[in-house]
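We did not get these values from a lab; they are worked out from the coordinates using the rules stated. All values derive from a computational prediction rather than experimental measurement. Virtual Cβ from ideal backbone geometry, glycine too; neighbours counted across all protein chains shown.
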Amino acid sequence: MNDVARRASALTEVGRADEAIALLQRELVGSPEDIELLDALAVAQLGVSAADALITSQRLIALHPDGHRGQLLAALASYDLDDVKAATRHAEATVAAAPWLPLGHALYAESVSRSGRKRKRALEAAERAIELAPDETVGYNAAGAVELHNGRWRRAERLFRKALELDPTDHTATLNLAVAQEGRGNIGSAFADTSTLLHLDPRDGHARDVLDGVAYTTLVHVAWVVLVILWITAGVKGI
């Protein structure tokens, strides 16, 4: 990775994505086809504008059609834009280009599951992610998300608890564990788990949203869309 891309990635990791984007856009004026700069730009844009991230990812795909990074980033951007069909297509292309990459299988599992069909195929993809990275949370989070989409709350809860055994600070697992507990009527535990996350990071807006949602379900049961964007910091970095 060149120095500018490395510097921009560091800015993105500490929550200064706007600065990273400005830095990369300036550098890309003189090097519009630099794959490393475009890659870093797409990652930074994912936390700011999924639409812009998708455009940048498509530029990456055009420049490196046999690579997996453009497809992976396009899948994440499409998912964030609620375009499940495109997310599934790009995730499938990611798996084809990089079958060794756990996040590709995990994202494919989540996208297929979110389309409301093919639970078996989605679980197979999530299990493949677990096989490839048994000591990482991404596969367990994906499998748990599949079960959430299918209303299998206890199965989902077990999978998210396994993820938390591996990493007690995993935001995705903590948030979705609260959703699974709420789904089977365990409101008290859902409050406790989400409140714990807020103690870890009181600025965590996602945790506050879940806490508000859990409170709301004391009157009305609501559906939940799994937060795949949180996988970026866990999975995209360094692949």
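With each label point set 7 Å from Cα along the Cα-Cβ vector, what nm distance links Asp52 and Glu124?
4.0
Ranked by Cβ crowding within 10 angstrom, fewest neighbours first, how are Asp52, Asp80, Asp135, Asp18 ordered?
Working: Asp52 16, Asp80 20, Asp135 7, Asp18 13.
Result, fewest neighbours first: Asp135, Asp18, Asp52, Asp80.
Exposure proxy check: Thr169, Thr88 ranked by fewest other beta carbons within 10 Å? Provide the component values of the computation, followed by the final result.
Values: Thr169 11, Thr88 22.
In increasing order of surrounding Cβ atoms, one gets Thr169, Thr88.
Per residue of segment 153-167, what does 6.51 cos²θ - 1.76 cosθ + 1.60 with θ = phi - 60° give for ³J(HN,Hα)? Whole Hz please, x for Gly and Pro, Karplus curve as stated.
Values, residue by residue: 5, 5, 4, 4, 4, 4, 5, 5, 5, 5, 4, 6, 5, 6, 8 Hz.
Just add up the charged neighbours of Glu27: K/R +1, D/E -1, any other residue whose Cβ is under 14 Å from the Cβ of Glu27. Let's see the in-between values first.
Working: positive: Arg6, Arg7, Arg26; negative: Asp3, Glu19, Glu33, Asp34, Glu36, Asp39.
Overall, the nearby charge balance is -3.
Taking other Cβ within 10 Å of each residue's Cβ, how do Lys85, Lys162 sort, fewest first? Write out the running numbers ahead of the final one.
On the way: Lys85 10, Lys162 17.
Least crowded to most crowded, the residues run Lys85, Lys162.
When a/c is below 1.5 the answer is rounded, else prolate if a/b is larger than b/c, else oblate, so apply that to segment 29-68 with a ≥ b ≥ c taken from the square roots of the Cα gyration tensor eigenvalues.
Values: a/c = 1.99, a/b = 1.31, b/c = 1.52.
The shape class here is oblate.
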